[in-house]
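Asks: Quick one: the structure is below, and I'll ask about it shortly.
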Amino acid sequence: MSTSASASTSDRRGFSQGGGGDLRALLREPLAVIRTRGDPFASRPSRALVLTSLVVVATGLALPFTPLGRALGFVTPPLLFFPVLIATVAAYLSAVEVVKRWFYRRVGVT
């Protein structure tokens, strides 16, 4: 096996073992924090919360592509990762919304 093929396999393995989950959590959690008890599209979070959440997400997504990210051991994600990331986060947030509505209906709190 050539050095480049070996490095490529090693990079993918390193990404799948850590980077993917880290980026998913980094994108998912700020969005989950913004969610409210009511309709997430009817109530609006503060501008500061939205801005800081976007800065955290943008920094986290950009970090693997920077020299600092490489120095910290981050691996550049494959391009296919990003559509999968968006789909996973959308599914997670949808599930959170469904369970939240079920819970508040079951408990009787509006």
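The values are calculated or read from the model by the stated rules, or taken from the named source; none is laboratory data. As the structure is a prediction and not an experimental result, all values here were calculated from the model. Methodologically, a virtual Cβ is constructed for each residue, glycine included, from the backbone with ideal geometry; neighbour enumeration extends over all protein chains shown.
Asks: Give the residue that is surrounded by the fewest Cβ atoms within 10 Å (Cβ to Cβ), with candidates limited to residues of the stretch 72-83 that are modelled with pLDDT under 90 and in a helix (DSSP H, G or I).
Replies: Per the stated criteria, the residue is Phe82.
Asks: Still on this structure: Within the stretch 91-110, how many residues are assigned to a helix (DSSP H, G or I), at pLDDT below 85, surrounded by fewer than 15 Cβ atoms within 10 Å (Cβ to Cβ) and of a type in the set (A, V, I, L, M, F, W, C)?
Replies: Going through the stretch 91-110 one residue at a time, the tally reaches 1.
Asks: Does Arg24 satisfy being surrounded by 11 or more Cβ atoms within 10 Å (Cβ to Cβ), under 30 Å from Gly108 (Cβ atoms), at pLDDT below 85 and not aliphatic (A, V, I, L, M)? Let's see the steps before the verdict.
Replies: Working: surrounded by 11 or more Cβ atoms within 10 Å (Cβ to Cβ): yes; under 30 Å from Gly108 (Cβ atoms): no; at pLDDT below 85: yes; not aliphatic (A, V, I, L, M): yes.
It is false that Arg24 is surrounded by 11 or more Cβ atoms within 10 Å (Cβ to Cβ), under 30 Å from Gly108 (Cβ atoms), at pLDDT below 85 and not aliphatic (A, V, I, L, M).
Asks: Would you call Thr88 free of Cβ contacts under 8 Å to residues at least 24 places away in the same chain and either of a type outside the set (Lys, Arg) or part of a helix (DSSP H, G or I) (or both)?
Replies: On the way: free of Cβ contacts under 8 Å to residues at least 24 places away in the same chain: no; either of a type outside the set (Lys, Arg) or part of a helix (DSSP H, G or I) (or both): yes.
Spelling it out, it is not the case that Thr88 is free of Cβ contacts under 8 Å to residues at least 24 places away in the same chain and either of a type outside the set (Lys, Arg) or part of a helix (DSSP H, G or I) (or both).
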